[in-house]
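Report on the following structure.
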Amino acid sequence: MSRTVVDAKTGFLKAGGHVEVLANFTIDSPVPFRMETVLRELNRLNAEMVPGAKAGTEKQGDFHGKLSRLIQRLEGKRTDRRLGFLRGGQL
């Protein structure tokens, strides 16, 4: 999860040209990011299939099926009206 949040924050900083902040920020830095980007990546990891040992076979990735509860909790927080102030009052 932390890697996806850092990647989302990095994308925001690069898009805005904030090079000075980009060099020194951490996951705890107050940098806005799109929750949809994080959820999309978590869903991808949750369903990821990787090449298997035998040619033409696939196996489950490291996080396959292990992020479902986290994704569900984040989706719940994203749609919670009580947290609307974090999104500027939008759902």
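The values are calculated or read from the model by the stated rules, or taken from the named source; none is laboratory data. Just so we're clear, the structure is a prediction, and the values are computed from it rather than from any experiment. Please note: Cβ atoms are built from the backbone with ideal geometry, for glycine as well, and neighbour counts cover all protein chains shown. SASA here: full protein model, heavy atoms, side chains in, ligands and nucleic acids out. Shrake-Rupley method; radii C 1.70, N 1.55, O 1.52, S 1.80 Å.
Placing a label point 7 Å from the Cα of Asp28 along the Cα-to-Cβ line, no residue of region 1-17 has its backbone N under 15 Å from it. Against the main long axis of the alpha-carbon atoms of the chain, helix 35-46 sits at an angle near 10°. Semi-axes of the equivalent ellipsoid of the chain are 29, 20, 9 Å, computed as sqrt(5λ) over the eigenvalues of the C-alpha gyration tensor in descending order.
For the chain, leaving out every one of the trypsin sites (Lys or Arg not before Pro) that falls in a DSSP loop and has at most 15 other Cβ atoms within 10 Å, the longest unbroken run is 1-33. Among the GluC sites (Glu not before Pro) within region 5-53, those in coil by DSSP and having at most 16 neighbouring Cβ atoms inside 10 Å are Glu48.
With all protein chains kept in place, the per residue accessible area of region 1-82 amounts to 75 square angstrom at a probe of 1.4 angstrom. Summarise the accessible area of the chain (1.4 Å probe, protein heavy atoms) by the percent that is carbon and sulfur. Carbon and sulfur together cover 54 percent of it.
About the Cα centre of the chain, how large is the charge dipole given +1 on each Lys and Arg Cβ and -1 on each Asp and Glu Cβ? Please answer in debye to the nearest 20. Could you put the intermediate results ahead of the total?
Values: 16 positive and 10 negative charges, 67 e Å.
Here the size comes out at about 320 debye.
Helix 2-16 and the long axis of the chain differ in direction by around 50°, with both axes built from C-alpha atoms.
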